[in-house]
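Okay, so here's the structure we're looking at.
The values are calculated or read from the model by the stated rules, or taken from the named source; none is laboratory data. A quick note: this is a predicted structure, and the numbers were derived from the prediction, not measured. Don't worry about glycine lacking a Cβ; one is built from the backbone with ideal geometry, like all the others, and counts go over all protein chains shown.
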Amino acid sequence: MYSIKEQTKEQLAEWLKAHGQPAFRATQIHDWLFKKLAMTFDEMANLPKALREELAADFSACALEIETAQTDNDRTVKWLSRLHDGHTIETVLIRAPKRNTVCVSTQVGCQVHCVFCATGRQGFARNLNVSEIVDQVVLASREAGELVTNVVVMGMGEPLHNLQNLIPALEMICSPDGFGLGARHVTVSTSGVPRGIRQLADLQRPWNLAVSLHAANNELRSKIIPPKFRARIEDIRDAVAYYREKTGRMPTIEYVLVDGLNDSFDDASALADVAHDFHAKVNLIPCNSEDPRFAPPPAEKCEKFLSVLTKRNLQATLRMRKGKNIRAACGQLRQAEEES
Ligand code: SAH
Ligand code: SF4
C-alpha cells in the first residue's frame, strides 16, 4: 500500500479530485500528517468519515505497527515496530531537559558486521523505505508531546548504504513543507563510506556527520570491522574533509571503547593525531555488550583516555549510558525479543 506521506502534492490533489473532494482537503491532510503528527486517518477529525475510510483503503498513514514499548527509569523509551512484511526495527527516544532526541534505524539489520554490534550479528534483510524512516520520528514525537528537537541516525543499519531512502527521508524531516526540523539538529552516523559521505556532502545540507572510527590505524580497525565494507582511514579522512568543506559542519569521530582492545594510552594519543587530522570532535562510547570479549574499560580508564584527548586541545566527550536497563544500544532489544 502507498504511504500517504510519500505522495506528491500533485498526486494527492489528483486523488482528491477523483474522489470528488475540494482542494482544501489536501491542506487539512498535510496539517494532520506534518503538524499534528497523526498516525491514523481516524484521528483526522475535520475530514468526513467517508473520506477517511476512502483514504485508509488506498493509503497507509503509518508504516509502523508498535510491537513493544519499554521505558527506562531515565525515561528513555525504546520501541520495537513491525513492518508490513513482518520484519522488526527499533527506535529510541532519549530525553534530556529541553531536548528530545530520536535515534532512528535505516535498515533491517546491517551488512557491515562490526564485531561488538548486535545489529550486525542479526544479518541483513533490507533497506527501510522513506516512510519507515520518517514514521519513527513521528512515533517518538508523539511520545514527547511535540516534534522531537533532534534526530540521530544511529539505530540499526548503515545509513549510507541506504542513501536513496535516507536522503528523501531527511529532506521530509527538515523541509518547511514537511516537519520543518532544523538541519543542524540532524546527525548521520556512518561506519565510514567515503562515496556516501561525498554524495551527502554534495547536497550541502548542514546535517551533522559522525564517523564510527573505533581505531586510529587501519590494522587495529581491521579487528573491529570486517574487510568487505571497511574503507581505509585515509580515504574516510579525505571524504570527511570534502564534507566539511561543502557543509561547513565540524564532524564527530565516534570511538567505542573496548577493554584491552583499543583503550591504551598509545591508542588515545594516536586517536588525538587522527582527530586533529580530521578536524573533528570525539565522542567516546564505552562498549555496551553482554559478550565478555567486548567489555567496556573500567570508568577510570575511560576518563584517562578522555583526558589524553582534551589535553591535546580536542573537543571530546565520554557518552553517558542512557536506557541501559532496556538494552538501548544498537540492535540489542531486537535480539532479546528474537531470543525469547
Ligand atoms: N551504522 C552506523 C550507525 C548505527 S550504529 C555506524 O556504525 O555508525 C551507531 C553507533 O553505535 C556506532 O558508533 C556504533 O559503533 C555504536 N555501537 C554499535 N554497537 C555498540 C555497542 N555494543 N556498544 C556501544 N556502541 C555500539
Ligand atoms: Fe552496522 Fe553500525 Fe552496527 Fe557496524 S555498528 S554493524 S555499521 S549498525
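The C-beta contact set for the stretch 113-124 (first residue at positive phi, second residue surrounded by fewer than 18 Cβ atoms within 10 Å (Cβ to Cβ), distance under 7 angstrom, 6+ apart or interchain) comprises HIS113/PRO226.
Checking each residue in the stretch 2-47 for being among the aromatic types (Phe, Trp, Tyr) and in a loop (DSSP other than H, G, I, E, B) picks out only PHE41.
Screening ALA96 against (1) closer than 16 Å to THR76 by Cβ; (2) under 14 Å from the mean Cα position of the chain (by Cα) leaves a single unmet condition, (2). Residue count for the stretch 87-112 under the criterion of being away from ligand 1 (no atom under 14 Å from the Cβ), of a type outside the set (Val, Ile, Thr) and touching a residue at least 24 places away in the same chain (Cβ under 8 Å): the result is 6.
Do you know which of the residues in the stretch 255-309 that are assigned to a strand (DSSP E or B) and away from ligand 2 (no atom under 16 Å from the Cβ) is nearest to SER191 (Cα to Cα)? Among those that are assigned to a strand (DSSP E or B) and away from ligand 2 (no atom under 16 Å from the Cβ), it is VAL282. Could you check, for the stretch 212-228, whether at least one of its residues is among the hydroxyl-bearing types (Ser, Thr, Tyr) and within 13 Å of ligand 1 (Cβ to nearest atom)? Yes, the stretch 212-228 has at least one match. Which one is surrounded by the fewest Cβ atoms within 10 Å (Cβ to Cβ) among residues in the stretch 83-129 that are of a type in the set (Gly, Ala, Ser) and assigned to a strand (DSSP E or B)? Here the residue is ALA96.
Of all positions in the stretch 79-96, at least one carries a residue that is among the hydrophobic types (A, V, I, L, M, F, W, C), within 13 Å of ligand 2 (Cβ to nearest atom) and within 29 Å of LEU203 (Cα to Cα). Among the residues of the stretch 138-152, just one is buried (at least 23 other Cβ atoms within 10 Å of the Cβ) and either under 25 Å from HIS214 (Cβ atoms) or within 16 Å of ligand 1 (Cβ to nearest atom) (or both), namely VAL151. What pairs come up if the first residue lies in the stretch 229-243 and is closer than 17 Å to HIS214 by Cα and touching a residue at least 40 places away in the same chain (Cβ under 8 Å), the second is within 16 Å of ligand 2 (Cβ to nearest atom) and part of a helix (DSSP H, G or I), and their beta carbons are under 6 Å apart, counting only those six or more places apart or on different chains? These pairs meet every condition: ASP235/PRO194; ILE236/PRO194. Just a yes or no: is a residue in the stretch 153-166 farther than 23 Å from GLN7 by Cα, among the small types (Gly, Ala, Ser) and surrounded by 19 or more Cβ atoms within 10 Å (Cβ to Cβ)? Checked the stretch 153-166: at least one residue is farther than 23 Å from GLN7 by Cα, among the small types (Gly, Ala, Ser) and surrounded by 19 or more Cβ atoms within 10 Å (Cβ to Cβ).
Out of the residues in the stretch 118-138 that are at pLDDT 95 or above and touching a Cys at 6+ places or on another chain (Cβ under 9 Å), which is nearest to ligand 2 (Cβ to nearest atom)? Among those that are at pLDDT 95 or above and touching a Cys at 6+ places or on another chain (Cβ under 9 Å), it is PHE124.
Checking the structure you have, find out if any residue of the stretch 178-188 is within 14 Å of ligand 1 (Cβ to nearest atom) and among the hydrophobic types (A, V, I, L, M, F, W, C). It would help to see each step written out before you state the result.
Step one: filter the stretch 178-188 for residues within 14 Å of ligand 1 (Cβ to nearest atom), giving 186-188.
Pick out the ones that are also among the hydrophobic types (A, V, I, L, M, F, W, C) and you get 186, 188.
Yes, that holds for at least one residue.
So that you can scan it fast, the table gives a plain yes or no per residue for (1) among the small types (Gly, Ala, Ser); (2) at negative phi; (3) modelled with pLDDT under 95:
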| residue | (1), (2), (3) |
| --- | --- |
| GLY180 | yes, no, no |
| ALA183 | yes, yes, no |
| SER191 | yes, yes, no |
| PRO194 | no, yes, no |
| LEU200 | no, yes, no |
| ASN208 | no, yes, no |
| ARG232 | no, yes, no |
| ARG237 | no, yes, no |
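Kindly provide the set of residues from the stretch 48-82 that are aliphatic (A, V, I, L, M) and either part of a strand (DSSP E or B) or crowded, with 19+ Cβ neighbours inside 10 Å (or both), ordered by number. Passing the criteria: LEU55, ALA61, ALA63, LEU64, ILE66, ALA69, VAL77, LEU80.
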